[in-house]
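The values are calculated or read from the model by the stated rules, or taken from the named source; none is laboratory data. Just so you know, these numbers come straight off a predicted model, no measurement behind them. In this analysis, Cβ positions are derived from the backbone assuming ideal geometry, glycine residues included, and neighbour counts consider all displayed protein chains. Only protein heavy atoms, including side chains, enter the accessible area calculation; ligands, DNA and RNA are left aside. Shrake-Rupley method; radii C 1.70, N 1.55, O 1.52, S 1.80 Å.
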Amino acid sequence: MYRVAVVKLTSCSGCINEIVYAFTFSDIVSKYRIEYFTELVDVEEMGGVDIVFIEGSISNKHQEELVKSVRAKAGFVVAIGTCAVMGGVQSLRVGSDVNDVKKAVYAEPQYIEVYSDVKPVTDVIKVDFVIPGCPINGSALTSFLRKYAFGGLPIAVHESVCAECKRRGLECVLVARGVPCLGPVTVSGCGAICPSFGRGCYGCYGIKYFDLNREKLEAFSRRLAELGMDRDDIDALLKGYGFKVYSAIMRGGEA
Ligand code: SF4
Ligand code: SF4
Ligand code: SF4
């Protein structure tokens, strides 16, 4: 039986909910035992485990040290959710004065220790597998757990939300109705949920890191502007879930 730890950093617990749900399946429960879980047991006392799931981005020095110590005690590390993989919605504060952000959110901001930047887990430690999504797709998680239990891993698929949209035979909201949609620049995995309801994708699985460059992103931004989107809204959307990937692409470097 594999020993599991679940660690939560700065996040909303939406992805951890999918872990709780996955552990309601009898074939998964029979192969894994959760030994540490941030919301139940103090993971700072964590001993060695076979596999750890980390949710959330890193907001301060304490979390950075915690993640390093967790890495040292775990055989296999999985970053779950767009927060852990790319920074997530916390990316929205990047570029603002962190003291203004703290004042806007907390009644007593003097007690909040937080970096002005946002650090995905992947920036601080080596991770062995990533499952993006906000929240992650529960089927992707259960698929991972079932394959890992037999010594395998899911095959990594590198495609955009558009690919899922086409497979489902959905009408393209961008082409047919001029609705702004981030599907072309967003990592797949959700099954094109938003276009299936006639809405544009707003990029919650994070910006694609495998085949975009600055030229393509700028061309896509111009297309969104032609559709009537405000320039600031376009920038916020593109940076909003994966600031690190966005800035690396715009610098012309590796994401
Ligand atoms: S990725 Fe989304 S759902 Fe998951 S913890 Fe972060 S904010 Fe919550
Ligand atoms: S609706 Fe969006 S995700 Fe679907 S094909 Fe069109 S641009 Fe791509
Ligand atoms: S369509 Fe886009 S915004 Fe909607 S769930 Fe999928 S990735 Fe997230």
**OP:** Hand me the list of helices (runs of 4 or more DSSP H) wholly inside region 187-255 holding 3 or more residues that are buried (at least 20 other Cβ atoms within 10 Å of the Cβ).
**Re:** 231-240, 243-251
**OP:** Sort out which residues of region 221-255 are among the hydroxyl-bearing types (Ser, Thr, Tyr) and in contact with a Phe, Trp or Tyr (Cβ under 8 Å, 6 or more places away or on another chain), and write them in order of number.
**Re:** Tyr241
**OP:** Hey, can you tell me all the residues within region 133-175 that are surrounded by 21 or more Cβ atoms within 10 Å (Cβ to Cβ), within 16 Å of ligand 1 (Cβ to nearest atom) and small (Gly, Ala, Ser)?
**Re:** Gly133
Original post:
Just checking, how many residues over region 70-87 are assigned to a helix (DSSP H, G or I) and either without any contact (Cβ under 8 Å) to a residue 12 or more places away in the chain or under 14 Å from Lys8 (Cα atoms) (or both)?
Top reply: 8
Original post:
Which residues, taken from region 34-71, are over 18 Å from Gly87 (Cα atoms) and within 18 Å of the chain's Cα centre (by Cα)?
Top reply: Val52
**OP:** Considering only residues that are among the small types (Gly, Ala, Ser) and surrounded by 13 or more Cβ atoms within 10 Å (Cβ to Cβ), look in region 19-68 and name the one that is farthest from Ile112 (Cα to Cα).
**Re:** Ala22
**OP:** Quick one: in region 102-130, of everything that is in contact (Cβ under 8 Å) with a residue 12 or more places away in the chain and part of a helix (DSSP H, G or I), which residue is least open to solvent (accessible area, probe 1.4 Å)?
**Re:** Val121
Original post:
Residues in region 149-185 that are within 16 Å of ligand 3 (Cβ to nearest atom) and in a loop (DSSP other than H, G, I, E, B): how many?
Top reply: 12
Original post:
Has region 23-30 got any residue that is in contact with a Leu (Cβ under 8 Å, 6 or more places away or on another chain), part of a loop (DSSP other than H, G, I, E, B) and assigned by TED's automatic domain parsing to the domain that holds Ile136?
Top reply: no
